[in-house]
Amino acid sequence: MPMTAEEIRTLRALMEYEAARTAPPRGFPALPDIPAGRYTDPRFFQLEMAHLWRKSWLLAAHSDELPAPGSYMTWDLAGEPVVLVRGEDAVVRAFFNTCRHRGAPVAMAAHGSGRRLTCPYHGWSYALDGRLLGVRDAQDFTDLDYSTRGLVPVRCEAFGNLLFVNFDQHAPSLLEWLGPIAAEWEEFQFDQCRLAARHVFDLECNWKIAMEANTEVYHVRSIHPTTVAPALDDPRNVNTLYANGHGRMVAPTPAGMATLDIMPVDPRIAQVDTVGEIARSCTQSYGIFPNLVAPLSQYVIPPLVFWPNGINRCRLETWTLAPPWQEGLRPDLWTENDGQKLCAVLLEDTEFGARIQKSMESRGFTGVPLSYQESRIYHWNQGADRIIGIDNIPPELRVAQVIGEEWMYPNDPRLEQLHD
Ligand code: FES
Ligand SMILES: [Fe+2]
């Protein structure tokens, strides 16, 4: 569903409201400091690993990476080895990439295809749907029940061509997790967008340091004075908070500038023609909890995905999705020379990461006071505590749940203040 005329009017009015206000909106809570230990304390890192990464929907693959029945790929960015497989029925399933005999990975290659998954250690073979089919020298095993020795499944659900996994068998469905965002994304036709580029870069900082640079526009004038700042009317930025820790920013492109002026893609590239006015005239970016930053435009959808790699290192994945392109026009928004190097904007966003990390590890770092403009970061942290389980977190590492339901979309106290 494209945004209705009424929704567009409301969003435009909110932009003017944000530009005109002289203080945070009436009733918006003061945000207590984010405890420093959430970036540096191994206890918090362990809680993230045990809960946040095990209960959230995580972007693992694009359907183009599994083109036909029998296609498989291995994936371990969330810390546990997974194999995704397209079955005979064309459905993609995910399993722990762990043989039920003595634990070897059943798939070794990054990508491959076959009629079965055959463990390289002793040759046990599994159907594409995970059932154990064959055991070498089966007569030497006593009472081996094949029906209970299939590959252990991991939840796998699709949004268009995007494939998400979740290690929690009791998690809500992906669509419930996304909530209203699923409908807001319909105009971008995720089922039509092909995977144009996917690269991974190692960074020397906690994963949240890297991600938070993409969760607010407060840094834009300092970090991106010549690249992003001229293209972003940041006083008119409108943040929206959604349930489950998700958020959105929409900031208009200044008059006289077009989307293509700020994106290094060939103007001959195809467009998603159903994309509406807001995405065509604004910078629009969603944060999908926990680790997906998804800017959206009519030309490309270029998600950034952030993964922990220990407490003080992380991996940044850069993706570009786009409608089918002509020969020679394959877009890659974020890198130069097909993944050799991050583009200028992301170099700006990441260049201080290692130094911020060092600085945060010092005793001089005592906590993070966030502004209203950075409220998506606070909201994310509230969502993190809820998924970890507030009682599981040492009190000194918790954030207070001060942003209430009344600020969660579709609730928005700003709407009543528009005409004050
Ligand atoms: S570990 Fe897989 S067959 Fe032995
Ligand atoms: Fe940035």
Rounded to whole Hz, the Karplus (6.51, -1.76, 1.60) HN-Hα couplings of region 260-267, x for glycine and proline:
6, 5, 10, 10, x, 10, 5, x
How would region 195-280 be classified by its alpha-carbon gyration tensor: rounded, prolate or oblate, with rounded meaning a/c under 1.5 and the a/b versus b/c comparison settling the rest?
rounded
Taking Cα atoms of region 1-151, Rg/Rh with Kirkwood Rh, to two decimals?
1.23
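Rounded to two decimals, what is Rg over Rh for region 363-420 when you use alpha-carbon atoms and the Kirkwood radius?
Radius of gyration over Kirkwood radius for region 363-420 works out to 1.06.
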Taking the alpha carbon gyration tensor of region 10-54, what are the square roots of 5 times its eigenvalues, largest first, to the nearest whole Å?
36, 15, 8
Under a 5 Å amide H to amide H cut-off, with H placed in plane at 1.01 Å, what residues pair with V154 once short-range neighbours are removed?
A94, F95, F96
Would you please put 404-417, 339-352 in order of how densely packed they are, using the mean number of other Cβ atoms within 10 angstrom per residue and starting with the highest?
339-352, 404-417
Which order, highest average first, do 383-395, 20-32 follow once you tally other Cβ atoms within 10 Å for each residue and take the mean per peptide?
383-395, 20-32
I'd like the isolated cysteines in the chain, meaning no second cysteine's beta-carbon lies under 4.7 angstrom from theirs.
C156, C193, C205, C282, C314, C343
Base-10 log of normalised Debye intensity for the chain (one unit scatterer per alpha-carbon) at q = 0.07, 0.08 Å⁻¹:
-0.36, -0.47
The summed charge of the G37 Cβ neighbourhood (under 15 Å; Lys/Arg +1, Asp/Glu -1) stands at -1
Most fluctuating residue given options T226, T118, T335, as computed from a GNM of the chain linking Cα atoms under 10 Å:
T226
Around A270, which amide H atoms from residues at least 5 apart in sequence, or from another chain, sit under 5 Å from its own amide H, with H modelled in the peptide plane?
Q326
Residues with amide H under 5 Å of A60's amide H, sequence separation 5 or more or different chain, H placed in the peptide plane at 1.01 Å from N; which?
L163, F164, V165
Charge context of V305, other residues only, Cβ under 9 angstrom, K/R +1, D/E -1
0
Could you check which residue among P69, P120, P252 shows the biggest mean-square fluctuation in a GNM of the chain with a 10 Å Cα cutoff?
P120
Specify the residue with the greatest mean-square fluctuation among F289, F188, F44, computed from a Gaussian network of the chain linking alpha-carbon atoms under 10 Å apart.
F44
So what is the relative contact order for region 58-159, in percent, with contacts set as C-alpha pairs under 8 Å and at least six apart?
23
Considering all projection directions equally, how large on average is the shadow of the alpha-carbon convex hull of region 304-399, in square nanometres?
9.2
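Only the coordinates and a few stated rules stand behind these numbers; no lab work does. All figures in this text were calculated on a predicted structure; none of them were measured in a lab. Neighbour counts are summed over all protein chains in view; Cβ atoms, including those assigned to glycine, are modelled from backbone coordinates with ideal geometry.
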